[in-house]
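Each remark here refers to the structure printed beneath this line.
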Amino acid sequence: MVEPDASGSRPSVVDPWDVFLPPIVAGLSSALERSGVTVPRDELLDLLERDGGPDGEIALPTFRLAGRAKLAPNELAEKVAAAFAPEPSIRAVSAKGGYVNVAVVPERLVDRTLSLVLLRGDRYGHFEPGGGSVCIEHTSANPTGPFHIGRVRNAIIGDTLARVRRASGDPVTTQYYIDDMGRQAAMITWIWSKPQDEWPAPIRAAVDGLARDDDKPDLRWGRPYPAVSAYLKEHADAREEVAEVVRRIESGTATPRHRELAQAILDGMLASLDRLGIRFDEFVWESSLVADGSVDRVLGRLRAAPHALEEANGAWAIDTTSYRLPKESTKVVFQRGDGTSLYVARDVAYHLAKFARFGTLVDVLGQDHQLHARTLDALLAEVGEPRRPSFLIYQDITVPEGGRMSTRGGSAVWLDQLLAEAVERAQKEVRSRRDDLPEAEVGRISEAVATGAVRYHVLRVAPEKPVVFRWEDALSFEGRSGPFVQYAYARASSVLRKAERDRGPYPYEAARLREPAEIELVRTIAKLPGIVRYAARSSHVHAVAGYAHELADAFNRFYEAVPVLRSDAERSSRVALVAAARQTLGNVLDLLGVAPLPVM
RNA sequence: GGGCGCGUAGCCUAGCCUGGAUAGGGCACCGGGUUCCUAACCCGGUGGUCGAGGGUUCAAAUCCCUCCGCGCCCGCCA
């Protein structure tokens, strides 16, 4: 479907196709009129399919209109095709299988596309700023230890959504919400507040064999976490000590060590994400919401809410009967008997703070948070907030043996481990192809190939699909992979270097580009803006990954089919096409957060 | 038990919202391609009851109902 442009019928300056749509709609409209059907332009625009026909251009299905004309679909299509008045930008209008297929003059599409891409450069595929402010919260993993690859799906999807929405024109702020208040963070503080020789024996045993001072801080300070977690299950006295830490944190009397530890572990985690190109605009510490009194205010508002009720021991809850939450209990406790807040209450405070600054909120959440999302909606309603965040829910990454990644079960694959393995394989690959590159260059390329492969592997699948982690799949450098796209970029760069046209200018004559592979490549290049808009609106960032492969594929076919440097009259036009392809490949790689490589 | 998500060739996946032209890709497998711009590539081939059954419709992978299978959630945890 062709999206109507928000700016009306004025041709957009960002999408090559937009200039062709008005004459097509006008032409179809009067052809339909002459065939006995009146269709409003808006409806027509909505009916049009892009990428539809045998030629992959604009198609109009006549099935819904045929009844109005009292004709069989293909009869109507034939009539419309015959009645279509000649138009300079239209090459042919034909009927087939109930569709009217409109083919534009290739030369015009080539001209429009190349000029737009070369003019806009790295802004091609990006729309003019215009939307309301958006806050995308993602990752927000508790600072308790290194990332495992189950968590990294959130970070990669969230970061890519931020890139895509920025390209679509939205002013985006990304936030990482750091839960430094709950039991999990308290466990870390608790164990490190004791000298190591006073640690309970099982915890010391679990950590002793592993400890190394030169570890990354997330690994180092997070190391006892699994053992502590296991230990607490069996030791009520220790649980009480941790509960005391929780109370001290919430009352603001916790040792400063607490925040330092969380920060240290977080820094280690962020260093891993940084390798994947993932960075955040803002960090929000949960404890700061307590410190500035906003959690207290929310507790007050919730206690005064329409469905608030007080429990026998002084705890407070919301009766959620009318919200029909799929829970056995019909209430949500937001304040404990001892007066401390629960996670939901703090999350309400956090979302109110976000709504105060941003028009739209997006939370990227694992499917295990689905009920929490609905609970949050209910509590926002209770405090009188009319807006709701939108949730991008993704399925967990599981291990082949079944079940989620578990830190304790030993089934977790650490992100750092995955990247190390990927880099090793990439190095082997680079060295086997290029013995002429200096070692530093090999290292740089390998890092980009490895991280690109990992990012792409996560992005290629729709978020709602469950993913089973397999090393072989995650580390693929061929076919539908990040390196496949990077390779097309590198090939294009190489051609431009040899043409001594790395930076332009790129004079061309559109009429010189008429090989099927050339037209197909141009057509694919021209799709980028539509893909960006679709992905931003639907949050289907995997569509961008799919497009990247399609584009690289179109380039590779062109590369095999058409000589560039060895052609004569066509040479400079083909160089321009390669430049446009490289630009578009680079832009889509940026959207995916995969590094473009001029050499590989 | 309730809620949400998923089920498309041996494996992975797009399309599903908004029904429409021969269900697109990738891996694996088989057969080809490099005196020529990077073979991480390209060309050709084998392989499909779109979980099952019913319904709506001129038309269903797509919408509706029932069922089956898998995952997750249903805490004064986060």
Any hit, region A:456-464, residues being within 25 Å of A:Y547 (Cβ to Cβ) and open to solvent by 50 Å² or more (accessible area, probe 1.4 Å): yes
Top-ranked residue of region A:25-75 - restricted to ones that are touching a helix residue (DSSP H, G or I) at 6+ places or on another chain (Cβ under 7 Å) and part of a strand (DSSP E or B), ranked as surrounded by the most Cβ atoms within 10 Å (Cβ to Cβ): A:L60
Test result for A:R503, open to solvent by 60 Å² or more (accessible area, probe 1.4 Å), over 15 Å from A:V578 (Cβ atoms) and outside any helix (DSSP H, G or I): no
Tally of residues being in a loop (DSSP other than H, G, I, E, B), open to solvent by less than 80 Å² (accessible area, probe 1.4 Å) and modelled with pLDDT of 95 or more across region A:270-310: 6
Condition check for A:S567: more than 7 Å from RNA strand B (Cβ to nearest atom), outside the structural domain of A:S168 (by TED's automatic domain parsing) and touching a strand residue (DSSP E or B) at 6+ places or on another chain (Cβ under 7 Å): no
Any hit, region A:219-226, residues being surrounded by fewer than 17 Cβ atoms within 10 Å (Cβ to Cβ) and not in a helix (DSSP H, G or I): no
Residue in region A:109-124 that is outside the structural domain of A:Y534 (by TED's automatic domain parsing), of a type outside the set (D, E) and part of a strand (DSSP E or B) present: no
Subset of region A:334-367 that is farther than 24 Å from A:I393 by Cβ and open to solvent by less than 60 Å² (accessible area, probe 1.4 Å) - its residue that is nearest to RNA strand B (Cβ to nearest atom): A:G337
Region A:73-113, residues that are within 39 Å of the chain's Cα centre (by Cα) and modelled with pLDDT under 90: A:K96, A:G97, A:G98
Conditions (1) modelled with pLDDT of 95 or more; (2) open to solvent by less than 40 Å² (accessible area, probe 1.4 Å); (3) farther than 30 Å from A:D368 by Cβ; (4) more than 8 Å from RNA strand B (Cβ to nearest atom); number of the one not met by A:A422: (3)
Qualifying positions in region A:580-600 - within 13 Å of RNA strand B (Cβ to nearest atom), farther than 24 Å from A:I156 by Cβ and buried (at least 21 other Cβ atoms within 10 Å of the Cβ): A:A581, A:R582
Some residue of region A:466-476 being in a helix (DSSP H, G or I), of a type in the set (S, T, N, Q) and near RNA strand B (Cβ under 9 Å from one of its atoms): no
First in region A:196-207 and without any contact (Cβ under 8 Å) to a residue 60 or more places away in the chain and closer than 9 Å to A:A227 by Cα, second anywhere and open to solvent by 20 Å² or more (accessible area, probe 1.4 Å) and polar (S, T, N, Q), Cβ under 6 Å, 6 or more apart: none
Single condition A:G546 does not satisfy, out of (1) open to solvent by 20 Å² or more (accessible area, probe 1.4 Å); (2) more than 11 Å from RNA strand B (Cβ to nearest atom): (2)
Check on A:I90, more than 30 Å from A:Q417 (Cβ to Cβ) and either within 12 Å of RNA strand B (Cβ to nearest atom) or in contact (Cβ under 8 Å) with a residue 40 or more places away in the chain (or both): yes
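Rundown of residues vs (1) crowded, with 17+ Cβ neighbours inside 10 Å; (2) in contact (Cβ under 8 Å) with a residue 12 or more places away in the chain; (3) within 25 Å of the chain's Cα centre (by Cα), yes/no style:
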site	(1), (2), (3)
A:S481	yes, yes, yes
A:A499	yes, yes, no
A:E515	no, yes, no
A:P529	yes, yes, yes
A:R533	yes, yes, yes
A:V541	yes, yes, yes
A:V562	yes, yes, no
A:R566	no, no, no
Failed criterion for A:G97 (all others in (1) without any contact (Cβ under 8 Å) to a residue 40 or more places away in the chain; (2) on the phi < 0 side of the Ramachandran plot hold): (2)
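The values are calculated or read from the model by the stated rules, or taken from the named source; none is laboratory data. Please read all numbers here as calculations on a predicted model, not as lab measurements. As a convention, Cβ positions derive from the backbone with ideal geometry for all residues, glycine included, and neighbour counts pool all protein chains shown. These area figures cover heavy atoms from the full protein model, side chains too; ligands, DNA and RNA do not enter into them. Shrake-Rupley method; radii C 1.70, N 1.55, O 1.52, S 1.80 Å.
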